[in-house]
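Here the structure comes first, spelled out in structure tokens, and everything after it is commentary.
The values are calculated or read from the model by the stated rules, or taken from the named source; none is laboratory data. No experiment lies behind these values; they were computed from the predicted model shown. Heads up, the Cβs are rebuilt from the backbone with ideal geometry, glycines too, and the neighbour counts pull from every protein chain shown. The protein model used for the area step is the full one, side chains on, heavy atoms only, and it has no ligands, DNA or RNA in it. Shrake-Rupley method; radii C 1.70, N 1.55, O 1.52, S 1.80 Å.
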Amino acid sequence: MVDRLANSEANTRRISIVENCFGAAGQPLTIPGRVLIGEGVLTKLCRKKPKARQFFLFNDILVYGNIVIQKKKYNKQHIIPLENVTIDSIQDEGDLRNGWLIKTPTKSFAVYAATATEKSEWMNHINKCVSDLLSKSGKTPSNEHAAVWVPDSEATVCMRCQKAKFTPVNRRHHCRKCGFVVCGPCSEKRFLLPSQSSKPVRICDFCYDLLSTGEMTACQSARSDSYSQSPKSSLNDASDDDDDEDSSD
């Protein structure tokens, strides 16, 4: 099915429409062999509040962006290579339903569909695309992924020292290794995480000690496992512009 669509006029036209919706600021999406599998609006869990994002699933990449005018204009285009993606289902809890984690070495986050059927279809299609890509390339699935950030509203005090209260003056920061919300004094150190940035990034003291002694995965896996098992009732991302975690604490 995908191979048959790869060079069809209909597929080329659909991808061209997506390109045009992102305008000049978006990257070109039309390449030989690329197929647009599906598209839809998903709610992305962000730092500040839940936000609707338009997602496009291709046979090799996942693209999403902010909705400016539905079906006509999007901005802040993000492109995720599917061969680096792992997905995990999230249990329903309260108003948070039909969700799953999208995990990559660079960035990980939760999304929610409108219905259980829509969730199932998205997850099945993503898994199929990832499986096909890995099969063709001979690569193995990535076992490293960035931590999912804890939403701001889940932490009124620093999650490391358990003492510092957050205020407009005492700001929240996020550890890039474990995703915890921490105070400034608990996250003064920087460490190079090559999969996330070419420069040293902010991490908490706890993760710094683990990384410095070679215990590379302990703090990250603990956060990711607990998140996928018990999501919270509040949703959140980096700024009101969204999806700029690297430029925000």
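Distance between the modelled labels on ALA6 and LYS76, one decimal in nanometres: 3.5 nm (7 Å Cα→Cβ projection). With 24 Å as the limit, the listed pairs LYS107/LYS199; LYS76/LYS165; LYS73/LYS136 have LYS76/LYS165; LYS73/LYS136 beyond it between alpha carbons. Panel note: the C-alpha atoms of the range 1-102, placed on their principal axes, show extents of 44, 29, 20 Å (largest first).
Karplus-derived 3J(HN,Hα) values for the range 135-145, using 6.51 cos²θ - 1.76 cosθ + 1.60 with θ = phi - 60°, are 5, 6, 8, x, 7, 9, x, 5, 9, 10, 8 Hz; glycine and proline are entered as x.
Here each label is just a point 7 Å from Cα along the line to Cβ, and for SER137 and SER195 those points are 1.3 nm apart. For the range 1-80, the list of trypsin sites (Lys or Arg not before Pro) that fall in a loop by DSSP and count at most 11 other C-beta atoms within 10 angstrom reads LYS71, LYS72. Computed over protein heavy atoms with a 1.4 angstrom probe, the accessible surface ordering of HIS174, HIS145, largest first, is HIS145, HIS174.
Taking Lys and Arg as +1 and Asp and Glu as -1, the other residues whose beta-carbon sits under 11 Å from that of PRO28 total 0. Take the Cβ atoms of SER16 and GLN162, set R0 to 51 Å, and the FRET efficiency comes out at 0.45. With contacts taken as Cα pairs under 8 Å and at least 6 residues apart, the range 152-213 reaches a relative contact order of 26 percent. Eigenvalues of the alpha-carbon gyration tensor of the range 152-213, scaled by 5 and square-rooted, set the equivalent ellipsoid semi-axes at 21, 12, 9 angstrom, largest first.
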